[in-house]
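Derivation of every value follows stated rules applied to the coordinates shown; laboratory data play no part. None of the values given here were measured: they were computed from a predicted structure. For neighbour counting, all protein chains shown are included, and Cβ atoms are generated from backbone atoms with ideal geometry for every residue, glycine included.
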Amino acid sequence: MDQKHIINADSARGSIKLLMTPGPTEVSPRVLKALSSPLVHHYYSGFIELFDDTINKLKRVYQTKNDVVILQGEGVLALEASVRSILSKGDRLLLLNSGPFGKSFGDYAKGAEIDEIACPQNEAIDVEEVKRKLDEREYRALTVVHCETPAGTMNDVKSICNEAKKRGVITIVDAVSSLGGVDIKPQSSGIDLCITASQKCLSCPPSLSMISVSDDAWEAMERVGLRGSYLSILDWRDAWDKKSFPYTPFISEIYALNESLNAILEEGLQNVFRRHKRVADCIRKGIKNLGLELWPESESIASDTVTAIKSPPKDVVKKMENYGILIAGSVGELKGKVIRIGHMGYSAQLANCFATMEALKRSLE
């Protein structure tokens, strides 16, 4: 075959030197090294110990004593599995729609009765409106996104979920783009199912999704009894109780996740959160200095992991590639209206912020 027709990893990335997209994020050399470690059988004692160690480290990053389950698939797997494990036909769900990912929870609630609270995509869900809705009728579950990545907005999940828990509602939170970059504590925040994924603030390849599960959530899952499915969180729990797996785990990805958790814990969680806040402040200041406008209506609801910019100049994302930096457009209704800079996980460094702002300035010129 002609050499020019051979596609490999180097040619796939092309001229891109820095990934500043809202996921996947850059992966550190130490995590890439762990990812390339030789494979081992998943029932070898050394791997069982590593898997157990990974779960314990996840609990520390989650800042929870609740159980944590690692599902072998991208974050959407855990989102769907959580909803399908809690809701049966005829159950009532309160769905909080602050953007595409908030709305998509409804796609997983097969047979459930859905009430929705929506807000404009540059705003956050109104907690008082949630309280009024919760008082109007009984709900089995509530779903909400912490960081609505397409819009760069944050919802007050602590206030929302604690109000729901007062009324006995199971709370399901998409923290895919926030956990590990923003200080979120599932137990004190009233979160029964807190979902994240490997390719965002944890800075691993897209492959794994994680859920912290409260005792109330386990009880609700037993009621529904979803079994014998790749979506079954109960099957994963029961298998791991016996130090077993219902399916073959992603061995290399567990290597990578364990090493990324090592890096986070070595830096210290509060230091990690402060780093994300500093970089986010730097990005937002740079955007305003360039005469551009943030998409969120207020900085008080702007995410510390992804910044959305309103009314982008034409082709600016493409022009940024000339400087070796990849940012992103948005999706759904915001496609063409917003561009986004991801600054989460290993990508959240001040040097990356300065490089991105300089490349954006030159692209605008």
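Computed quantities for the displayed model
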{"read-out": "Residue 219/residue 115 FRET efficiency (R0 25 Å; Cβ-Cβ; nearest 0.05)", "value": "0.60"}
{"read-out": "Estimated 222 nm signal from helices in the chain, with DSSP H stretches of n ≥ 4 weighted -39500 (n - 2.57), rounded to 500", "value": "-12500 deg cm²/dmol"}
{"read-out": "Cross-link table 131/337; 185/310; 277/310; 165/288; 57/318; 57/277, entries beyond 29 Å C-alpha to C-alpha", "value": "131/337; 185/310; 165/288; 57/318"}
{"read-out": "Residue order, fewest to most surrounding Cβ atoms within 10 angstrom, among 274, 140", "value": "274, 140"}
{"read-out": "Stokes-Einstein D (µm²/s) once Rh is taken as the Kirkwood radius of the chain over alpha-carbon pairs, at 4 °C in 1.567 mPa s", "value": "61"}
{"read-out": "Of the DSSP H helices in the chain, those whose Cα atoms cover at least 18 Å axially and whose Kyte score averages 0.0 or more", "value": "251-267, 350-364"}
{"read-out": "Order of 127, 169 under a 10 Å beta carbon neighbour criterion, fewest first", "value": "127, 169"}
{"read-out": "Estimated FRET transfer efficiency (residue 167, residue 15; beta-carbon r; R0 45 Å; 0.05)", "value": "0.25"}
{"read-out": "Hydrodynamic radius of the stretch 51-183 per Kirkwood, over alpha carbon pairs, in Å", "value": "15.4"}
{"read-out": "Label point at residue 243 placed 7 Å out along Cα→Cβ; residues across the stretch 29-61 whose backbone nitrogen lies under 18 Å", "value": "40-57"}
{"read-out": "Zero-based 10 Å bins, Cα pair distances in the stretch 131-227, whole percents", "value": "16, 45, 31, 8, 0"}
{"read-out": "Most to least packed among 333-340, 202-209, 106-113 [average Cβ atoms within 10 Å]", "value": "202-209, 333-340, 106-113"}
{"read-out": "Residue order, fewest to most surrounding Cβ atoms within 10 angstrom, among 115, 215", "value": "215, 115"}
{"read-out": "Within straight-line cross-link reach of residue 285, aspartates and glutamates at Cα separation under 14 Å, skipping those fewer than 8 residues along the same chain", "value": "293, 299, 304, 358"}
{"read-out": "Net lengthening on full extension, residue 273/residue 290 (0.36 nm per residue, minus Cα-Cα)", "value": "3.5 nm"}
{"read-out": "Length gained when the stretch residue 137-residue 53 is fully extended (0.36 nm per residue, less Cα-Cα span)", "value": "26.0 nm"}
